[in-house]
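The numbers here are math on the coordinates, done by the rules we state, and not lab data. Keep in mind that what you see is a predicted model, and the values were worked out from it rather than measured. Cβ placement follows ideal geometry from the backbone for every residue including glycine, while neighbour counts extend to all protein chains displayed.
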Amino acid sequence: GTDKVEALCLKFDHRLQQSFPYEELRRLSNLRYLEMRPVPDNWRPSGFPATVLPMNPPILAELRWLSWHNLPPVLTLTAFSMLNMVILDLSWSTFSESWDGWSHIKMARNLKVLNLTGCAQLQRTPDLSAHVKLEQLILESCGRLVEIDESIGQLKQLVLLNLRFCRKLRRLPEELVNLESLKELLIDWTSIREIPGPGGMKKL
């Protein structure tokens, strides 16, 4: 039965502005991995209707890993439960730091990996203070990124911070010295010339 399905990959053709299969997914009570794969892969949202995802109570309480590349900014993911989310991959999406979906993502208290690779409209990272268990923050190829929010200093379990190809990023926040678990700081192909310190980052 549907209660035995734990992983699912859906091809979602945004061009058709089709309805999201909310009721069908609601029956998958044990789903742990969901990948929404846009068709075509290089699709970019334009005039996308916000009504595709219903404003119903969140579903998929057991969901651990959600991958949705090219997420249209009008969608805020409120249809998905964040309570047990561990990995969230929203690479190549076109939302900005003012996106309404950030407030819902704050409910992901168990989040360990946040992948925002190629989010070209992002100029500043969101408030990350809710994600104290975060271990990997991937911001590679965020071409307009110019500021890392100071809340990053609260991520005591962060091991990897990937800023590669963030070409407009010139400085890192002083709060970075509080990242005692940080082992990898990837800043090649950025405009960063100085790393905060000394102090924390003992494992770097």
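Both radii are taken from the alpha-carbon atoms of region 83-162; with Rh as the Kirkwood radius, Rg/Rh is 0.92. Residues Asp127, Asp13 in ascending order of nearby Cβ atoms (within 10 Å, fewest first): Asp13, Asp127. For the pair Ser129 and Val113, the difference between a 0.36 nm per residue extended length and the Cα-Cα distance amounts to 4.3 nm. Counting charges near Ile187 (Lys, Arg +1; Asp, Glu -1) among other residues having Cβ under 15 Å from its Cβ returns a value of +2.
May I ask for the percentage of alpha-carbon pairs in region 125-204 that lie more than 20 Å from each other?
For region 125-204, the share of Cα pairs beyond 20 Å comes to 22 percent.
If you model the chain as an ellipsoid using its alpha carbon gyration tensor, with each semi-axis the square root of five times an eigenvalue, the axes come out at 31, 19, 13 Å, biggest first. List, in the order given, every pair from Lys156/Lys183; Lys106/Lys168; Lys11/Lys112; Lys4/Lys112 whose Cα-Cα distance in the structure shown is over 19 Å. Over 19 Å Cα-Cα: Lys106/Lys168; Lys11/Lys112; Lys4/Lys112. Computing Rg and the Kirkwood Rh from the Cα coordinates of region 111-156 gives a ratio, Rg/Rh, of 0.95. Within the listed set Ser141, Ser93, Ser29, the Gaussian network model of the chain (springs between alpha-carbon atoms below 10 Å) gives the highest mean-square fluctuation for Ser29.
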